[in-house]
2 protein chains.
Amino acid sequence: MDRYMRAAIEEARMGLAEDGIPIGSVLVHRGEIIGRGHNRRVQSGSAVLHGEMDALEQAGRQPASVYRDCTLYTTLSPCPMCSGAILLYGIPRVVVGENQTFLGEEELLRSRGIEVEVLQLDECIGMMTHFIETFPELWNEDIGE
Amino acid sequence: MDRYMRAAIEEARMGLAEDGIPIGSVLVHRGEIIGRGHNRRVQSGSAVLHGEMDALEQAGRQPASVYRDCTLYTTLSPCPMCSGAILLYGIPRVVVGENQTFLGEEELLRSRGIEVEVLQLDECIGMMTHFIETFPELWNEDIGE
């Protein structure tokens, strides 16, 4: 695994240590991490700060030219909101830790020309599986089962 | 125009008064506004708080059952990110002020069974047209022309 996915997993583990949902993400521009974050539903009562969104937010206001030269790393398959953010900003490549515990809008992204690579990492699958089994009500709170 | 779109326009005008991008939104649950907001790109340097996202954020953590009984009002056609958030939360109905200055993912929403009503209000068109003409660089900053 490269250091970017390692950083995304570190973010997910930080979220877990804060009693949050363990999903992390980093935004990489030409080899440099320009934003990193993790899901903040529990920590901030946030309905919009998923891991990917938090990484985008931490990157701050960027010009279109930067986004179009970025790769987004995320430990879990991106949900419709995060996939929409990827489409909005024209991020051309997404690297996903796993899509076994949740399958997001990978097909929509691919249909719009975005490269989606799924690593299917045991570490990511294990982290989410344990979380969902331990806190099913939290996992199902916002979008239902 | 009903009081919900009126409230969304008020939010857009608040954004304008803060030197921000004039797009506002309210989230309505069974007749009650449970979240309201406006684009905060300028005010907070935010890459994720579009008007619709800010309204969702202000509504806080809600259960799936609430979202599925909501209508989202927005002064401008929802971009891919905001449309993705609507899909994520299963919000069944969206009322749009106008889609003449920007056309978002209305067709994607409709293809997923979401009711999208476009009011094409002169007030909304005028507000965005004036903003885009006055601040074209700000309008084109993040997603390009």
* **Pick from region B:60-77, criterion more than 9 Å from every other protein chain (Cβ to nearest Cβ) and in a loop (DSSP other than H, G, I, E, B), ranking: least open to solvent (accessible area, probe 1.4 Å)** => B:S77
* To do: Report yes if B:Y4 is crowded, with 17+ Cβ neighbours inside 10 Å, in a helix (DSSP H, G or I) and of a type in the set (F, W, Y), otherwise no.
  => yes
* Go through region B:101-145 and tell me which helices (runs of 4 or more DSSP H), entirely inside it, have 2 or more residues that are modelled with pLDDT of 95 or more. => B:106-111, B:122-134
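Per-residue answers, yes or no, for (1) under 29 Å from A:E141 (Cα atoms); (2) touching a Gly at 6+ places or on another chain (Cβ under 8 Å); (3) outside any helix (DSSP H, G or I):
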| site | (1), (2), (3) |
| --- | --- |
| B:G15 | no, yes, no |
| B:D19 | no, no, yes |
| B:V48 | yes, no, yes |
| B:M53 | yes, yes, no |
| B:Q58 | yes, yes, no |
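When you check A:E106 against the structure, is it more than 14 Å from every other protein chain (Cβ to nearest Cβ) and touching a helix residue (DSSP H, G or I) at 6+ places or on another chain (Cβ under 9 Å), yes or no?
On the way: more than 14 Å from every other protein chain (Cβ to nearest Cβ): no; touching a helix residue (DSSP H, G or I) at 6+ places or on another chain (Cβ under 9 Å): yes.
Criteria not met by A:E106.
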* Taking A:G84 as the residue in question, decide whether it is within 14 Å of another protein chain (Cβ to nearest Cβ), modelled with pLDDT of 95 or more, surrounded by 20 or more Cβ atoms within 10 Å (Cβ to Cβ) and over 22 Å from B:R40 (Cβ atoms). => no
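From the list B:A55, B:A8, which one is of a type outside the set (V, I, T), under 9 Å from the mean Cα position of the chain (by Cα) and either at pLDDT below 95 or under 24 Å from A:L87 (Cα atoms) (or both)?
Details: B:A8 fails: either at pLDDT below 95 or under 24 Å from A:L87 (Cα atoms) (or both).
Of B:A55, B:A8, the one residue that is of a type outside the set (V, I, T), under 9 Å from the mean Cα position of the chain (by Cα) and either at pLDDT below 95 or under 24 Å from A:L87 (Cα atoms) (or both) is B:A55.
The values are calculated or read from the model by the stated rules, or taken from the named source; none is laboratory data. Quantities reported herein were computed from a predicted structural model and do not represent experimental measurements. Backbone-built Cβ (ideal geometry, glycine too); neighbour counts: all protein chains shown. Just the protein is used for accessible areas: all its heavy atoms, side chains included, with ligands, DNA and RNA removed. Shrake-Rupley method; radii C 1.70, N 1.55, O 1.52, S 1.80 Å.
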